[in-house]
Amino acid sequence: MNQVFSKYELINQIKQTEYDHYGYSKDDLLDELDSIFSQINSQTFEFSIKEVDEYYLTEDLCNKLVLRKLNDNIKRLYKDEQSNRRLIITQIKTLLGETCPSWILRTDIKKFYESIQRNRILERFKDDAMLSYQSIFLLEKLFENEYFKTQSGLPRGMNISATLSELYMRRFDKWIQRFPGVYYYARFVDDIIIFSYSKLAIEDIKNNLQEKLSELADGLEINLEKTADFNGNHITESKPLEYLGYKFVKKSQRKDSNLTVSIAEKKVKKIKTRIIKALLDFIKSGDFELLRKRIQFLTGNYSIRKRNDGSDLRAGIFYNYSEITNKKVLYELNQFLNKAIYSRNGAFGAKISSKLSREQKKKLSSHSFFHGFENRVFNSYTYDEMKAIVKCW
C-alpha cells in the first residue's frame, strides 16, 4: 500500500466538482501539490484550520487532499468500516419483527469525540509501526494546531475524527460482540444498542459497562440518563425504544408481532421548533422568500455534499426517516405547520396573521411533510442559500 503524499497520490483524492469550485486546472494543482509534498518531507507543513460553531474544517483544497489521503492511509491499514445508519435501522426492524424472546440495552457515551485521548491514538500508531512516518507527522501536526492545543479529544466535523474514533472503540466493541448471550450489537458513533436472548446477560453488561469502557477506551463515560433496557417483545408508547432518530413500539400478539416505527419524539420536537423559529425570524425580517425556502427545506429533501465519485449524499424528511412504518407523524407535522401558519391566537398568532397575506399562507401550506416523504421531493440549494436557511436554527 502506497502511503506517500506525492502529488499523484494526493490528486487521486480530489472530487471532480472541486476543480471548478476552486478554479484550478489539473497542471496548476499538481504544481501546488508538489510544493506541499516538499513541505511534508521537510516537516514544515502546517494545516490551515477554521472553526465554525463547534465544528472544524479547512477551506484550503490542498489541505483537504492531505487530510483525505491521511484518512485513507489509516482506513486501509486498519481495515476500518464505519457503521451505516440505514442498515442498522433495517436490521433492528427485522430483529424486532421476530417473536422469539429478546432483551435490549440502549445507551450512549457522553461527549464522545471530546473525551477521546489523542495521545493514546498516537501511541498505538507508533507501537504498531504500520503507519508511515509522514502520516504520523501529519497527525501530530493536526493535533498541534492552535485550535486543538487547549482542547481535548478529536475535532468534530472532520472525517479523520470518525475513523480515529472507530479505532479507539474497537476493543470495547469486540468485548460486547463476544459477550455470552449477545446476538446483535451496533454502535453508530456514540449510540449503542445490544440484543440478547438473556435478561441476565443484559443486566450483566449493564452492570459492567462503565468499568469495561474505562478499561478498553480510556477517558470515555456512559451516559446513564440515556441508558435503558427493554423487553424486546413489549416496547410500549409510554416507554418506546428510540434509536438513531427513530421510535420503535412493539406489542406481541401470540404468533405475530405488532411493530410500528416512527420518528423519535426528540426529532419531531426539533422539526416543530424549527418551524416556529423560521416564523419568528420572518416576523423580524419580513423576508418571505427565505421563510418559504425554510419550510420547503423542512418538508422536502436535499443534497448535503458530494461523494468522491461526484454523486449526491441526500438528506431530508424521506432520506433521514425512510424506514418509518407509522406515517401518522407526518400528518401531525403537517397539522402543526398549518396551525402555526394560520394562527390568530396570542401575540405570536396576531403578528403572523398581520405579516402573512392570504396568498403567502397558501404558498406555505402547499408544502407537505407527507408529500415530501411519499414523493421524495428534492430541492437544490446553493451553499449561500443553505447557509441562510439554517442560520436561525
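The values are calculated or read from the model by the stated rules, or taken from the named source; none is laboratory data. All of these numbers come straight from a predicted model, not from anything done at the bench. We place every Cβ from the backbone using ideal geometry, glycine too, and count neighbours over all the protein chains shown. Each accessible area value is taken on the protein alone, full model and side chains, heavy atoms only, with ligands, DNA and RNA left out. Shrake-Rupley method; radii C 1.70, N 1.55, O 1.52, S 1.80 Å.
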Once both label points are put 7 Å beyond Cα along the C-beta direction, the Glu51-Glu203 separation in nm becomes 4.7 nm
List every residue whose amide H lies under 5 Å from the amide H of Tyr243, counting only residues 5 or more places away in sequence or on a different chain, with H placed 1.01 Å from N in the peptide plane.
-> Phe248
Candidate lysines - alpha carbon under 17 Å from Lys26, same-chain residues fewer than 8 apart omitted = Lys7, Lys15, Lys64
Write down Rg/Rh for region 94-140, rounded to two decimals, with Rg from the C-alpha atoms and Rh from the Kirkwood relation over Cα pairs.
-> 1.33
Compute the Kirkwood hydrodynamic radius of region 267-393, taking the inverse of the mean of 1/r over all pairs of distinct Cα atoms, and give it in Å to one decimal.
-> 15.2 Å
Each residue of region 2-10 in order: what ³J(HN,Hα) in whole Hz does its phi give by Karplus 6.51 cos²θ - 1.76 cosθ + 1.60, θ = phi - 60°, with x for Gly and Pro?
-> 8, 9, 5, 9, 6, 4, 6, 5, 5
The answer for Gly157, listing residues at least 5 apart or on another chain whose modeled amide H is closer than 5 Å to its amide H, is Tyr56
Would you calculate the separation in nanometres between label points at Phe348 and Asn12, each defined as 7 Å from the Cα along the Cα-to-beta-carbon direction?
-> 5.4 nm
State the Kirkwood hydrodynamic radius of the chain in Å, one decimal place, computed from all pairs of distinct Cα atoms.
-> 24.1 Å
Between region 86-111 and region 343-377, the alpha-carbon center distance in angstrom | 37 Å
Return one quarter of the surface area of the convex hull spanned by the alpha-carbon atoms of region 60-119, equal to its mean projected area, in nm².
-> 7.2 nm²
Share of Cα-Cα pairs in region 123-243 lying beyond 26 Å, as whole percent | 35 percent
Whole-percent carbon and sulfur share, accessible surface of the chain, 1.4 Å = 46 percent
For the chain, the per residue accessible area (1.4 Å probe, Å²) is 53 Å²
The chain - charge dipole about Cα centre, Lys and Arg +1 at Cβ, Asp and Glu -1, debye rounded to 20 = 2340 debye
Treat each spin label as a single point 7 Å out from the Cα along the C-beta direction, and report the Asp128 to Ser357 distance in nm.
-> 6.3 nm
